[in-house]
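Below: the structure, in structure tokens.
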Amino acid sequence: MPASNARAIEKARGLDCDVVILDLEDAVSPDQKEIAREQAVEAVRDNGFGRRELVVRANGLDSEWGAGDLAAIAGVRPDAVLLPKVSSPDTLREARAALGAGPALWAMIETCRGIADLPAIVAAAAETGLAALVLGPNDLAKEMRCRPGVDRAPLLPAMSHLVLCARMAGIVALDGVCNAIDDPARVEAECRQGLAWGFDGKTLIHPSQIAPANMVFAPGAEEVAWARDVVAAFDDPANAGKGAIRIAGKMVELLHRDEAWRTLAIAAAVAG
């Protein structure tokens with residue numbers, strides 16, 4: 001949400017979301033940049049967001065506001081700083097130098113070069129504190145000159161590449177925004193598509209999108225029950241040392257146990 005909107009910041013403290021991203025970039029007009037920065041810094045300093053992670057999206061380092069944004073953010077240390085249009089690891093290194101050993105870095109991947117250079121970008125994750133990749137579908141589509149449509153077909157190769165590189169680095173992959181704010185069915189469909197393609201969650205632009213995203217990305221009752229069965233089966237002394245066992249007519253391997261642990265951890269986080 002735009003950090004220039006004080007009412008939106010206050011409302012965010014009660015939203016049923018996992019992360020609040022205070023935007024200083026695209027959602028803020030040039031004449032509002034300074035007030036947005038001030039209000040973002042104040043919001044981070046005051047906190048009051050409870051369990052929600054607080055992230056600030058800075059302006060690009062090649063803009064007239066980027067350096068000032070990072071200097072201001074360094075003084076209050078949100079959970080992470082989201083960098084727009086990351087196209088090379090040099091951007092991460094420059095941001096880390098400006099922020100010091102403070103917040104984690106999240107990278108918006110929304111340029112053709114960013115997609116092409118993702119292996120180099122994620123290779124710098126440990127060095128720079130990169131913790132998440134965020135797809136930027138609107139800017140990427142504009143630069144590609146493609147027309148994604150409801151199925152987002154032209155973007156699917158980039159989406160898969162982003163998830164693959166995030167997994168290679170052991171960091172989070174977040175699907176990009178859906179522009180439809182009055183169409184929960186479309187938001188749900190995009191969330192299900194993102195989940196199927198391996199994303200950990202989805203960035204949102206309106207409170208109306210939170211409920212469908214939570215419904216899709218939170219494990220369902222059947223999924224949780226299956227995960228518990230898998231963990232319990234591998235914990236059974238009778239199955240000690242086995243790499244594969246039979247559960248309810250299915251062959252289950254240790255990799256499925258690891259997936260089950262992750263499912264239960266997400267379910268516990270949602271419940272907590």
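Throughout, read-outs are computed from the coordinates displayed, never taken from laboratory work. Because the structure is a prediction, the values reported are computed rather than measured. As a convention, Cβ positions derive from the backbone with ideal geometry for all residues, glycine included, and neighbour counts pool all protein chains shown.
A straight Cα-to-Cα reach below 20 Å connects Lys242 with the lysines Lys250, residues fewer than 8 places away in its own chain not being considered. Taking 0.36 nm per residue of separation and subtracting the Cα-Cα distance, full extension of the segment from Ser29 to Leu15 would add 2.6 nm.
FRET efficiency for the pair Arg77 and Val270, taken as 1/(1 + (r/R0)^6) with r the Cβ-Cβ distance and R0 = 22 Å, rounds to 0.25. Close amide H pairs (under 5 Å, H built 1.01 Å from N) link Gly102 with no residue at least 5 positions away or on another chain. The C-alpha atoms of the chain define a longest principal axis, and helix 254-271 lies at about 50 degrees to it. With only the Cα atoms considered, the chain has a convex hull volume of 150 Å³ per residue. With a Förster radius of 25 Å applied to the C-beta separation of Asp182 and Met144, the computed FRET efficiency comes to 0.40. Compared with the dominant principal axis of the Cα atoms in the chain, helix 33-46 is inclined by about 50°.
For region 18-78, the Kirkwood hydrodynamic radius from C-alpha pairs, put into Stokes-Einstein at 37 °C and a viscosity of 0.692 mPa s, yields a diffusion coefficient of 282 µm² per second.
Points 7 angstrom from Cα along the Cβ direction at Cys112 and His206: gap in nanometres? About 3.2 nm separates the two model spin labels.
Taking a straight Cα-Cα cut-off under 30 Å and skipping sequence neighbours fewer than 8 places away in the same chain, the lysines within cross-link reach of Lys33 are Lys11, Lys85, Lys142, Lys202.
Mean residue ellipticity, 222 nm, helices only, the chain: the sum of -39500 (n - 2.57) across DSSP H runs of n ≥ 4, divided by residue count and rounded to 500, is -14500 deg cm²/dmol.
For Ala132, the residues whose modelled amide H falls within less than 5 Å of its own, excluding neighbours fewer than 5 places apart on the same chain, are Ala107, Val172. When the charge dipole of region 154-272 is built from unit charges on Cβ atoms (+1 for Lys and Arg, -1 for Asp and Glu) and taken about the Cα centre, the candidate among Pro237, Ala248, Ala158 whose Cα reaches farthest toward its positive end is Pro237.
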